[in-house]
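Undergrad: Please read through the structure below; I'll follow up with questions.
The values are calculated or read from the model by the stated rules, or taken from the named source; none is laboratory data. Quick caveat: nothing in here was measured; it's all calculated off a predicted structure. Note that we place each Cβ from the backbone using ideal geometry, even for glycine, and neighbour counts take in every protein chain shown.
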Amino acid sequence: MNQKTQPNLSYLFLKFLKIGSISFGGFMALVSIVQKELVEKDKIIDNDELLDGLSLATVLPGPMAVNVIAYLGYRLRGLAGGLVSMFAVILPSFLLILALSWVYFTYGNIPEFQRFFDGVLPAVAAIILSVSIQMSKKNLKDKKQAIMAIIAFILILWAGGFFITLSIVLGGAIAGYLIYRPSRTGTYDKPGERKMSGELYGWAKKRGWIFPALLIFILIIYLLPLLLDLDPVLETIHSLFVTIGSVSVTLFGGGYVFIPMLQELVVNKMHWLSNQEFIDGIAMGQITPGPIMISATFIGYKLAGIPGAIAGTIAIFLPPGILIMLASHILGYIKGSPHLKAVFMGIHPAVIGMIFAASLIIGMSMPHEWLQFIILAASFILAYRFKVDILIIIPLSGLAGLLFA
């Protein structure tokens, strides 16, 4: 973490608002943009800090993309930074899917959005590939780490899925500890290195009581019907919040794990949506920037309009966000441990290998037509060679798909 510059909350809001507006393509796309904006351009964090956040987000429940943002925001400005960063990165997707939900339930589906997304996909794949190469150059220190990255890459392409992802992370952690543990490297931390950096984290250390307070608040929300006599609309919103909030803290593996579990709940059990409505809501989540779990906004809007959309969005993102910020708070105390450093020496190349795989998977999912390959090549050259801002690359690619697809 760059401790010379501690960004204010306005910076975090505007920066993550920008990132949330252009992060088409899911988790790894958002991470790639964060790396470009915060590591390379502004130098507010370093690659190790970003990889730490990725590692935590991989093994904790909830939407991995937003969890990474919550982690970084918390590390930079404590709890307020985490909450502001989460709010900012979700806001563009929330507003867009809110508008799309209104259009959908009023007029039906709009195919033009799919053409826009077909143009964005190859650009996203190119940006992720560019970031993967840059992170490899800076973080793979020796042949052992390179081999671990290659193994992770192959396993994701060969099998994929949550259990493989978790196995890769855990396997990297074990391999890192066995290869780089202090008894082999001979390196030990100085006394006091296991404490959090005073200037950066001190105020968060004094306000640790906020986390239990937030957890108590969430518990009260869950028990609200027992405390008050709710009218039908509030009861619907409460049921929505409890259902989606409960799902959010049991989702290990990211957005695509979220789809079948939520479908079982909202379509088959609760009968809130028809199967076609659910599929269309998921599709909207895919063509908007940010996490696919923003589809919870669509579900909430169907049930209770704008208040329901707000409740669904808070329920899917806030509980896991609090969890990863708490984990970040704890990580700050033990980060100086040479044993933990050895573990992350194995986790980091595993994550890099998965990022490489993500670029290929997204590239394979795009339409295999001449336009997409031109966008792919042009976007890679612009991002990797000329360092063109992603805010330019992404919209231009989507516009090309809309006009020429």
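Undergrad: So, in the stretch 142-173, of the ones that are exposed (fewer than 15 other Cβ atoms within 10 Å of the Cβ) and touching a Phe, Trp or Tyr at 6+ places or on another chain (Cβ under 8 Å), which residue ends up nearest to Leu340 (Cα to Cα)?
TA: Leu166
Undergrad: Which of the helices (runs of 4 or more DSSP H) contained wholly in the stretch 220-319 include at least 2 residues that are at pLDDT 85 or above?
TA: Where helices (runs of 4 or more DSSP H) fall fully within the stretch 220-319 and carry at least 2 residues being at pLDDT 85 or above, they are 232-248.
Undergrad: Let me ask something additional. Of all residues in the stretch 98-128, how many are among the aliphatic types (A, V, I, L, M) and crowded, with 23+ Cβ neighbours inside 10 Å? Outline the logic, then answer.
TA: From the stretch 98-128, those among the aliphatic types (A, V, I, L, M) are 98-100, 103, 110, 120-121, 123-128; that's our starting set.
If we keep only those that are crowded, with 23+ Cβ neighbours inside 10 Å as well, we get 100, 120-121, 123-128.
Here the count works out to 9.
Undergrad: Find the residue count for the stretch 129-146, including only residues that are assigned to a helix (DSSP H, G or I) and touching a residue at least 60 places away in the same chain (Cβ under 8 Å).
TA: Looking only at that region, the number is 12.
Undergrad: To continue, here is another question. Out of (1) at pLDDT below 70; (2) surrounded by 15 or more Cβ atoms within 10 Å (Cβ to Cβ); (3) touching a Leu at 6+ places or on another chain (Cβ under 9 Å), the odd one out for Met196 is which?
TA: Among (1) at pLDDT below 70; (2) surrounded by 15 or more Cβ atoms within 10 Å (Cβ to Cβ); (3) touching a Leu at 6+ places or on another chain (Cβ under 9 Å), the lone unmet condition for Met196 is (3).
Undergrad: Here are the criteria: (1) of a type outside the set (Phe, Trp, Tyr); (2) without any contact (Cβ under 8 Å) to a residue 24 or more places away in the chain; (3) in contact with a Phe, Trp or Tyr (Cβ under 8 Å, 6 or more places away or on another chain). Tell me which single one Leu51 does not satisfy.
TA: Condition (2) is where Leu51 drops out.
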